[in-house]
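The values are calculated or read from the model by the stated rules, or taken from the named source; none is laboratory data. Quick caveat, the model's predicted, so the values are computed rather than measured. Cβ placement follows ideal geometry from the backbone for every residue including glycine, while neighbour counts extend to all protein chains displayed. Protein only, heavy atoms only, side chains kept; ligands, DNA and RNA dropped before computing areas. Shrake-Rupley method; radii C 1.70, N 1.55, O 1.52, S 1.80 Å.
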Amino acid sequence: MKTLSQLQQLKRDKEKITMVTAYDYPSAKQAEAAEIDMILVGDSLGMTVLGYESTVEVTLDDMLHHGRAVRRGAPNTFVVVDMPFGSVGIDATTDIQNAIRLYQQSQCNALKVEGAHLTQFIKQASQMGIPIVAHLGLTPQSVGISGYKLQGATKDAAEQLIQDAKAVEAAGAVAMVLEAIPSDLAKVVSEQLTIPTIGIGAGKDTDGQVLVYHDMLSYGVERYAKFVKRYGDFSVGIDALKAYHQEVKSGAFPSEEYMYKKQIMGELND
Ligand code: KIV
């Protein structure tokens, strides 16, 4: 497993960092087999796996359940788990209690939180020894206010984002996800921070990239954002299921090769 300091060294060496989401044991096993640097148990699981409209319905128990499965599937990969909507930003005691529970019980390597308003929490959690990845730009937990659109797209908004990025780094964030911001802004943020930036829809100059597993593998997704490259096509599963359905209906499955050969009825009649 890459340690935090190894991940930070990748930035200094200008070697790009790879991150992909995983939500369960098999996807985590695949990410580890592919030697991906970091896995994110994203609260995007609300949409990709649970069929919700947004991440807002995802609970701390959901993240714990999926985080533990991913840890079992990828024991040797750096795993980050999202703190979901409503689990942080309440009050200092509740926030830290939720963070401790998720960090301890998922056995992940870091937690991720959305938004610069959590700078104080990042400081407190870091001081306690919980590594925190910050997430700025488009923060899906706040889409009710911001909408799903490019962030940091005006001069003021870009300046604010740079300021926020510096503040969360100073508070102790160990890495930063930058989502849906102009590529030139992401480049400046990445140059001005010492911690690695991981971009999604933030161009090529961040220190790493993250994609959502179901997006990049075309697995049950109906709409794709501009920044999604589809590296595989899991919709072939539908053809396989159709073939199975037809073969059972026609009696073609199971054929001899899928049956146990031992005959028992004769013995029972003796
Ligand atoms: O939940 C998630 O999958 C994320 C990525 C979009 C970075 O936060």
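Odds and ends about this structure:
- Efficiency of FRET from Cβ geometry, N269 and S146, R₀ 51 Å, rounded to 0.05: 0.10
- Taking a ≥ b ≥ c as the square roots of the Cα gyration tensor eigenvalues, the chain comes out prolate, since a/c reaches at least 1.5 and a/b is larger than b/c.
- GNM remark for the chain: springs join alpha carbons under 10 Å apart, and the peak mean-square fluctuation among Q209, Q160, Q246 falls on Q246.
- Accessible area per residue, Å², segment 1-119 with all protein chains present, probe 1.4 Å: 45
- Degrees separating the helix 92-106 axis from the principal Cα axis of the chain, which is the longest one: 40
- Between S126 and E15, the contour length at 0.36 nm per residue exceeds the Cα-Cα span by 37.4 nm.
- Of the peptides 44-50, 235-241, 216-222, 190-196, the order by per-residue mean of other Cβ atoms within 10 Å, starting with the highest, comes out as 44-50, 190-196, 216-222, 235-241.
- Across the cross-link table entries K204/K229; K166/K226; K29/K229; K11/K187; K155/K229; K11/K226, which are compared at the Cα atoms, the separations over 19 Å belong to K166/K226; K29/K229; K155/K229; K11/K226.
- Whole-Hz ³J(HN,Hα) from phi, Karplus 6.51 cos²θ - 1.76 cosθ + 1.60, for segment 62-67, glycine and proline x: 4, 5, 5, 4, 6, x
- Percent accessible area from carbon and sulfur atoms, the chain, protein chains only, probe 1.4 Å: 54
- Annotation: for a label point projected 7 angstrom from Cα along Cα→Cβ of Q6, residues of segment 203-232 with backbone N closer than 18 Å are 208-209.
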